[in-house]
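Heads up, the thing below is written out as structure tokens.
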Amino acid sequence: MMRNDAVIQSEGMQALSERLSIVEAERFITLLLRESFDYTEWQRDHWKDEDLGDFLKKAKVHWDATHPTAQK
């Protein structure tokens, strides 16, 4: 099921505010909007040393930890 933009925005802000203060989270967003930010380039650089198999294992562990009722 694809979530709509409002849900993604809300959950994204919640995720940011769990790690940053609300002021820092808003500063982060402002920095992204102010900078010429290329998400594709960032993603390529950010994950360049990550093996796909290891990444998928981490994703599954995260999914299982955050969606306990979805486990089989």
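Assorted remarks:
- Taking 7 Å steps out from each Cα toward its Cβ at Ala6 and Asp49 produces label points 4.2 nm apart.
- Working note: Karplus 6.51/-1.76/1.60 with θ = phi - 60° gives the stretch 39-52 the couplings 4, 4, 5, 4, 4, 4, 6, 5, 9, 4, 9, 9, 6, 4 Hz, where Gly and Pro are set to x.
- Placing +1 on the Cβ of every Lys and Arg and -1 on the Cβ of every Asp and Glu, with nothing else charged, gives the chain a dipole about its Cα centre of roughly 300 debye.
- Under 13 Å, Cβ to Cβ, from Ser17 - net charge with Lys/Arg +1 and Asp/Glu -1: -2
- Crossing angle, helix 5-19 versus the chain [Cα axis fit, 0-90 degrees, rounded to tens]: 90
- Applying 1/(1 + (r/R0)^6) with r as the Cβ-Cβ distance of Phe28 and Asp64 and R0 = 35 angstrom yields a FRET efficiency of 0.80.
- When semi-axes √(5λ) of the Cα gyration tensor in Å is calculated for this entry, the matching label among [x] 90, 15, 5; [y] 25, 20, 12; [z] 21, 14, 9 is [y].
None of the figures in this text is laboratory data; all of them are computed from the coordinates on show. As the structure is a prediction and not an experimental result, all values here were calculated from the model. Ideal geometry is used to build each Cβ from the backbone, glycine not excepted, and the neighbour counts take in all protein chains shown.
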